[in-house]
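First up is the structure itself, then whatever we jot down about it.
The values are calculated or read from the model by the stated rules, or taken from the named source; none is laboratory data. Remember, it's a predicted structure, so these values are computed and weren't measured experimentally. Because the Cβ atoms are built from the backbone with ideal geometry, glycine has one as well, and the counts that use them run over all protein chains shown.
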Amino acid sequence: MTSQIRHWLALLGCAASLAAPQAMALSTGDPQDQGKFYLGASGAYEFGDGQRDSKNGYGFQGTAGWAYNDHSSLELSFLGVQRKRDIDGRKDYRNSLMLDYVYDFGLFEFITPALPRFKPYLLTGGGAVLEDVRGDSHVHPALNVGAGVLVPLHFGSWDWGWGLRTEVKALAQYNARDSAPANENFLVDFQVLVGLNIPLSFGSSRKAPLPPEDCAVAVVDPVTGRQDCLADSDRDGVQDAKDQCPDTVAGTVVNEVGCAADNGDTDHDGVFDIGDQCPNTAAGLAVDGQGCAVEQTISLQSVTFETASAVLTGQATTVLDGFARALSGQGNIKAEIAGHTDNVGNASFNMALSKQRAEAVRQYLIAKGVAGNLLTTRGYGQEQSVAANDDEAGRAMNRRVDFRIVLE
């Protein structure tokens, strides 16, 4: 084959890769990819057969394929490689056209989300090789076998089906005795390829299709089991298709879009004032559907003290003022105030300091109007760490005051 024809083939391969931005040769897992055509483009590095009189080669591969079921694809690939000859430093060329069957093993995921999903696969096939050595061109039959990994690529909330593809292949050609290297019937070369893969349908969004416009929210009524746009899951009189607040508390007066008519939430506990039976709940307390605190343990690392003392800082008093209002506004609450320290210093000193700090919090709350019989104190010193004391961040988490809320 003349160099002019070879250059035209290389140009056509590059044009195909640009026209379909290195489109996919394997599905990245979307069932919609079944029956889809895709293309691919990869860079290649070749470790040549030891019988060759040339260096290792490098080149480009373009691929066109079709995924016809969940795990199987057919691919037609063109690989062009050039090598530097040992004898004079000039270049030899080898172009191969292969038809491969590809079988993937499905997507695998690591336990940690920090590592990407991946899809391993195997391929095998056959085709023809055009070898151009020292200006002498010959066509040979060849077999192909390989393995690789496809890693799906995502960009923000959009998934276009892009994939990063890495594979290793062995290409065996029947060389006969009519071309270099002389007296070698078979040659086996190995290639490592890395490329980007994107389906031909990349121009359309792969987000889940929206429900029909006449049923913007398709739901199942939890009582009747009816599945349509007329369900009213929270029983507020507004159909789910129009309900912008689908979890409204029973009895709440709502407007035309299903939200509380009075959207005020003075204590920011997630329960609107109109239905909040405990409207002064302190920030951070878990509440029930009526906005009242439930039994719980709350760690207040923002309640801090002067160094090695039981004197509250200004930041601590601001937080405790909110707790005083909550304890005064819900009469069935009792609280144990538990003091904790890190492990810096003597253990007996830390135990005494934790008791003093718990009592300092209790006295502050009493001064703010909380009945003393609702509050008890206990110091735990360094015995109940919630984090390792190996660094300052962990020690800071252990220097805390816990409120153990109990309902009478």
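Look at the stretch 32-53 and say how many of its residues are surrounded by fewer than 22 Cβ atoms within 10 Å (Cβ to Cβ), closer than 25 Å to Asn185 by Cβ and modelled with pLDDT of 85 or more.
4
Note down all Cβ pairs under 8 Å where the first residue falls in the stretch 286-307 and is assigned to a loop (DSSP other than H, G, I, E, B), the second is among the hydroxyl-bearing types (Ser, Thr, Tyr), and they're at least six residues apart or on different chains.
Short answer, once both residue conditions are applied: Gly291/Thr281; Cys292/Thr281; Thr304/Thr313; Glu306/Thr313.
Only residues in the stretch 92-115 that are in the same structural domain as Phe60 (by TED's automatic domain parsing) count as the first member; pair them with residues that are among the hydrophobic types (A, V, I, L, M, F, W, C) and not in a strand (DSSP E or B), Cβ under 6 angstrom, at least 6 apart or cross-chain, and list the lot.
Going by the 6 Å Cβ cut-off, the qualifying pairs are Asp104/Leu26.
Of these, Ala170, Ala182, Ala208, which one is assigned to a strand (DSSP E or B) and either of a type in the set (Gly, Ala, Ser) or at pLDDT below 85 (or both)?
Just one listed residue meets the conditions, Ala170.
Return yes or no: is Ala393 over 14 Å from Thr341 (Cβ atoms), small (Gly, Ala, Ser) and without any contact (Cβ under 8 Å) to a residue 24 or more places away in the chain?
yes
Only one of (1) touching a Ser or Thr at 6+ places or on another chain (Cβ under 8 Å); (2) part of a helix (DSSP H, G or I); (3) surrounded by fewer than 20 Cβ atoms within 10 Å (Cβ to Cβ); (4) at pLDDT below 90 is not met by Asp342, so which one is it?
(2)
Which number in (1) in contact with a strand residue (DSSP E or B) (Cβ under 9 Å, 6 or more places away or on another chain); (2) over 16 Å from Ile198 (Cα atoms) marks the one condition that Ala114 misses?
Condition (1) is where Ala114 drops out.
Search the stretch 301-315 for residues being touching a Phe, Trp or Tyr at 6+ places or on another chain (Cβ under 7 Å) and among the aliphatic types (A, V, I, L, M), and hand back the single one that is surrounded by the most Cβ atoms within 10 Å (Cβ to Cβ).
Leu312
Run Asp132 past the list (1) in a loop (DSSP other than H, G, I, E, B); (2) closer than 20 Å to Leu187 by Cβ and report the number of the one that doesn't hold.
(1)
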